[in-house]
Amino acid sequence: MERDELLENTLESLVQFLRASNPKQGDSVATANLTPHQFRALVFVLVHDNATTTDLADYVGVHPSVGTGIVQKLVGRGYVTRLEDSQDRRIRRLSLTDHGREFIEGIVGAAREGRRRQLQVLSEEQLAQFGDILETLRAGLPATKG
């Protein structure tokens, strides 16, 4: 099998696995009436406490004005707070509220536990190989802020 064909087959298997492996996460997000961008924004703020709206927009992949709208909706739902930066009053820093943290950690925790169960089928040798592969892939990603 040629490399291009092997890449395509592997990619297709990965996409199929990811689609089938965690269908309930989408249900939780939909039940909460969150758009995919809002969900990604919550995960971003969970990982990058005190980030700016511009940082969030870059991560989500939207224009800063759209990022502002996402933040406004999340603030309105009680998931996120905006606090004035102590060094520059023009900048607002984002943090999760207790409600937002509880919500997003519940979804992320359930997803993580599901992934853990899925990985149980691998032997110790396979887990080590898979970990090495993931580290190689991660190292090839572009650097991100935050």
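What follows is calculated from the coordinates using simple rules that are stated; it is not laboratory data. All values reported here derive from a predicted model rather than from experimental measurement. Using ideal geometry, Cβ is built from the backbone for each residue, glycine included, and neighbour counts are taken over all protein chains shown.
Quick look at the values:
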| read-out | value |
| --- | --- |
| Estimated FRET transfer efficiency (F17, E105; beta-carbon r; R0 25 Å; 0.05) | 0.55 |
| Amide H partners (placed H, <5 Å) of R77, local residues excluded | none |
| Percentage relative contact order, the stretch 23-139, counting C-alpha pairs under 8 Å, at least six apart | 22 |
| Theoretical FRET efficiency, 1/(1+(r/R0)^6), r = Cβ-Cβ of R89 and T35, R0 41 Å, to 0.05 | 0.85 |
| Distance (nanometres) between label positions extended 7 Å along Cα→Cβ at R115 and Q129 | 2.1 |
| Cα gyration tensor shape of the stretch 69-146, rounded if a/c is under 1.5, else prolate or oblate by comparing a/b with b/c | oblate |
